[in-house]
Each structure stands twice: as C-alpha cells, then as structure tokens.
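Working notes, beginning with the structure itself.
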C-alpha cells in the first residue's frame, strides 16, 4: 500500500471519527480518509491499495477464465479471490490502526452478489462483464465489515458533491471548492475518483460528527 499522508490523527478514546472511502479499480483501490477538526472536514490520508499479488491476472473472469479449461479457470479464479480479499483485509486493518475509522464508503455493485460457482457467471454475459469489478469492490466491503466498520454503499453514478451539499446545507459548488482545497496539500494526482470519494466520505461523516462549513 502506498500513498500520501498530510496529517495523522491519533486513534484512541476521544479521537475524532474518521470515514474511509474507496474507489475500486481492477487490481487496486484509491482510498481517502476524512475526519473533522472542530467542525471542519479534514483529509487525513490519500493512498492506493494494491489488491492483487504480482503475476495474478487482474480480470480473471472476463479474460483468462474464458480461454481456459473449466477446472483450471475455477482454480485461478479462487486464487485471485483469495488474494484480493486477503490484501483488502490487511489494508483496511492497517488503516484502522492509524485512524479512528467508523465507516467504509464504497459504491454499490450492479448485482447483490456473485455466484460462488464459476459456471453461472460465465454463462451470463452481464455477470461476466460485471464480475471482475465486483471482485474488488465486494472484497473491500467485506474487509470493512470484518474490521467492524459500518459499510455504506452509495448509488452507482451518484452525484457525491450534491449529496454532500445537501447534508451540509450549502451550495454544490461549495463542496467542489472544499474538495479541491482538501486535496491541494497532497499534490497530484487528485483525480475524479479521489474527489468523489472525498465528497462521499464527507456526507457519511455527518452521521458521526457535527460538520459545519463556515
């Protein structure tokens, strides 16, 4: 796991609550940790979690499994699943040691869950297309639950800036500007997924702390 930390907040009794938000991609997740100082949101950490062992395929369902004998494909998919889940759990546990995490925020998947068996996935074009993305997203969600965090699923293609603006009763542009300000000390990259994750985390942070923008 690598990334940038602008400020560290002690974890322990009386520590300000923190929210972890994750944007999952094939083989990795971009995560941010947001907390509150007095009543203002603060960005404590931006980091990248590598979710798969080197040498393993990042998209086993939609690529390798379609080109292999079924038994080999099943074995490979199981190996990838185990690698991703283990790495996700280790990363969330590590972040929980450094921050007083209360929740993990991550986008909902297009399906409630993937079948455990490989055959039904490969027989469905929609499932096959979704399976690799869900592999990483659901592993992060399971890791959050295993660490005792509230797992908050956001709607797909949600306007996170609008939701944060509603939660804080401010114009949407105020949230856009705030997120830009929070990311500035970290330097590049500060991409769309980082910004949306930060806005989503701010929305959820309102459940655990009084958050007010001056």
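The values are calculated or read from the model by the stated rules, or taken from the named source; none is laboratory data. If you're wondering where the values come from, they're calculated on a predicted model, not measured in any experiment. Neighbour counts are summed over all protein chains in view; Cβ atoms, including those assigned to glycine, are modelled from backbone coordinates with ideal geometry.
Overview of results
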item: When residues of region 14-51 are limited to those that are assigned to a loop (DSSP other than H, G, I, E, B) and within 19 Å of residue 150 (Cβ to Cβ), the one modelled with the highest pLDDT; result: 17
item: Qualifying residue in region 170-185 (condition: in a loop (DSSP other than H, G, I, E, B) and in contact (Cβ under 8 Å) with a residue 40 or more places away in the chain); result: yes
item: Qualifying residue in region 124-136 (condition: in contact with a strand residue (DSSP E or B) (Cβ under 6 Å, 6 or more places away or on another chain), closer than 26 Å to residue 65 by Cβ, in contact (Cβ under 8 Å) with a residue 24 or more places away in the chain and part of a helix (DSSP H, G or I)); result: yes
item: Flag for residue 158 being under 15 Å from the mean Cα position of the chain (by Cα) and outside any strand (DSSP E or B); result: yes
item: Meets criteria (surrounded by 16 or more Cβ atoms within 10 Å (Cβ to Cβ), at pLDDT 95 or above and part of a helix (DSSP H, G or I)) for residue 208; result: no
item: Odd one out for residue 163, checked against (1) surrounded by 22 or more Cβ atoms within 10 Å (Cβ to Cβ); (2) under 21 Å from residue 42 (Cβ atoms); (3) in contact (Cβ under 8 Å) with a residue 40 or more places away in the chain; result: (1)
item: Pairs where the first residue, in region 90-118, is on the phi < 0 side of the Ramachandran plot and free of Cβ contacts under 8 Å to residues at least 60 places away in the same chain and the second is surrounded by fewer than 19 Cβ atoms within 10 Å (Cβ to Cβ) and part of a strand (DSSP E or B), C-beta under 6 Å, 6+ apart; result: 108/153
